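To start, the structure under review is shown below, and the notes come after it.
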Amino acid sequence: MPRTAKPVYGPVEQAVRSDVEQLGDLVGVEPSLSEMAYRLAREIDAGGGEDGKQMPQLNRELRQTLAQLLEGRAADDDDDLGDLGSPD
C-alpha cells in the first residue's frame, strides 16, 4: 500500500495551522473560518499573487479572519469563573 506524503506547508500556513490547533475543537463557523485562514496563508506563502501586489490585501484578510475566529473565544474565556457566585 503506498504511503501518502505528509503535506508541506509554508511558514505562514504552518503558523496559522499551529495557532488554530491550539484552539481545540472548532464549533459553529470556526471550521469554515479556519479553512479560509489556511487558504489565505497559503496564498501569502506563494508570494501574494500578481508579483506580490495582493500581499497587503491578503495580510489584511488573514488578520481579519483570525480575529473573527478568536472573537467568539474571547467571550467564552472571560466567563471561566463567572458561575462560581451562583448557587446551584
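The values are calculated or read from the model by the stated rules, or taken from the named source; none is laboratory data. Everything numeric in this text was worked out from a predicted model, so none of it was measured. Positions of Cβ are generated from backbone atoms using ideal geometry, with glycine treated the same way; all protein chains shown enter the neighbour counts.
Yes/no matrix, rows are residues, columns are (1) closer than 17 Å to V12 by Cβ; (2) under 10 Å from the mean Cα position of the chain (by Cα):
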{"residue": "E35", "(1), (2)": "yes, yes"}
{"residue": "R42", "(1), (2)": "yes, no"}
{"residue": "D51", "(1), (2)": "no, no"}
{"residue": "Q57", "(1), (2)": "yes, no"}
{"residue": "A67", "(1), (2)": "yes, yes"}
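Tell me whether region 56-68 contains one or more residues that are assigned to a helix (DSSP H, G or I), out of contact with any strand residue (DSSP E or B) (no Cβ under 7 Å at 6 or more places or on another chain), modelled with pLDDT of 95 or more and acidic (D, E). Yes, region 56-68 contains at least one residue that is assigned to a helix (DSSP H, G or I), out of contact with any strand residue (DSSP E or B) (no Cβ under 7 Å at 6 or more places or on another chain), modelled with pLDDT of 95 or more and acidic (D, E).
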